[in-house]
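Enquirer: Once you've had a glance at the structure underneath, I'll fire off some questions.
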Amino acid sequence: MHVKNKLDSDFWILTKRVNYSPFHLVYSTEQAIEKILILPEKIGIREKRAGGGKVIRQMTRDQAIDFVKSEEMVQFPCAVYHDLATNDGSLIYQGEIILSEDYELARINRTPGITNREAMSRSDCINFNSKSWDSRKNLWSNKELRPIVDYCCKYTLIGCVVEFGFYKVPVGVNREKILIWELRNY
C-alpha cells in the first residue's frame with residue numbers, strides 16, 4: 001500500500017474500515033468552530049497538510065475556539081476530533097509498526113498522555129526489529145506485539161508504517177481495542 005500524505009492516510013483508513021477516532025476534516029476557521037461546538041470537551045486538532053505538523057491535544061471547547069482564531073493556528077486542512085486523552089488510563093501501549101516482505105519493525109511506548117510522535121522519540125521507547133527470515137519469528141511470536149501484528153494482517157496493512165494505540169477497553173468507531181491513528185510511507 002502506498003500512502004502519499006496525511007489525507008491519503010485518511011482515505012486508506014476509511015477504505016480499509018479499520019478502527020479510528022472519529023474526526024471532522026475542516027478547511028477554514030468557520031468550519032473548525034462549527035465542529036468544535038458539537039464535540040464533547042477534550043478536543044484535539046491535528047494538521048493534515050504535511051508530515052510533522054502540529055498536534056494539539058486536551059483542549060476545552062473555549063481553548064480550541066481561541067486557538068483556531070489565533071495566529072498560532074494550524075494550517076488547513078486539519079482534523080478536529082474528540083481527544084481520546086480520557087482513555088489514556090486504559091492505554092496499554094502506543095506505537096508504530098511496519099510489516100513488509102523484507103523486514104518488520106515495531107516501536108512501542110507505554111507512557112500515557114503524550115502524542116505518538118513524542119512517545120516514539122523518548123528514551124523509554126521499546127524497539128523490535130527483524131530484518132532476516134530467521135529472526136522474523138521473534139517479532140511474530142512476541143506475545144505483547146501479537147495483537148497489532150494480527151490486526152495488520154487482518155486489514156492487510158502491509159508495506160506502510162501503521163501508527164496505533166492499544167487499549168484495555170474498546171475505543172473508536174469500531175469499538176475495538178486497537179485504534180489506528182495514521183498510515184504512512186511519506
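Enquirer: So which of Ser21, Ser9 is part of a helix (DSSP H, G or I), under 13 Å from the mean Cα position of the chain (by Cα), surrounded by 14 or more Cβ atoms within 10 Å (Cβ to Cβ) and not acidic (Asp, Glu)?
Expert: Ser9
Enquirer: Could you tell me whether the stretch 54-61 includes any residue that is part of a helix (DSSP H, G or I) and of a type outside the set (Val, Ile, Thr)? Spell out the reasoning first.
Expert: Our first condition is that a residue be part of a helix (DSSP H, G or I); within the stretch 54-61, this holds for 61.
Keeping just the survivors that are of a type outside the set (Val, Ile, Thr) gives 61.
Scanning the stretch 54-61 turns up at least one residue that is part of a helix (DSSP H, G or I) and of a type outside the set (Val, Ile, Thr).
Enquirer: Moving on. Name the strands (runs of 3 or more DSSP E) wholly inside the stretch 91-151 in which the number of residues that are in the same structural domain as Gly51 (by TED's automatic domain parsing), modelled with pLDDT under 90 and farther than 22 Å from Ser21 by Cβ is 1 or more.
Expert: It comes to none.
Enquirer: Shifting gears a bit: With the requirement that a residue be in contact with an Asp or Glu (Cβ under 9 Å, 6 or more places away or on another chain) and closer than 16 Å to Trp181 by Cβ, what does the stretch 1-23 give you?
Expert: Selection gives Val3, Lys6, Ser9, Asp10, Ile13, Val18, Asn19, Tyr20, Ser21, Phe23.
Enquirer: To continue, here is another question. Of everything in the stretch 54-69, what is closer than 12 Å to Pro40 by Cα and acidic (Asp, Glu)? Give them in sequence order.
Expert: Within the stretch 54-69, Asp62 is the sole residue that qualifies.
Enquirer: Also, I was wondering about something else. Just the residues that are in a strand (DSSP E or B) and of a type in the set (Gly, Ala, Ser), please, taken from the stretch 24-53.
Expert: Gly44
The values are calculated or read from the model by the stated rules, or taken from the named source; none is laboratory data. From a predicted model like this one, the values you see are computed outputs, not experimental measurements. Heads up, the Cβs are rebuilt from the backbone with ideal geometry, glycines too, and the neighbour counts pull from every protein chain shown.
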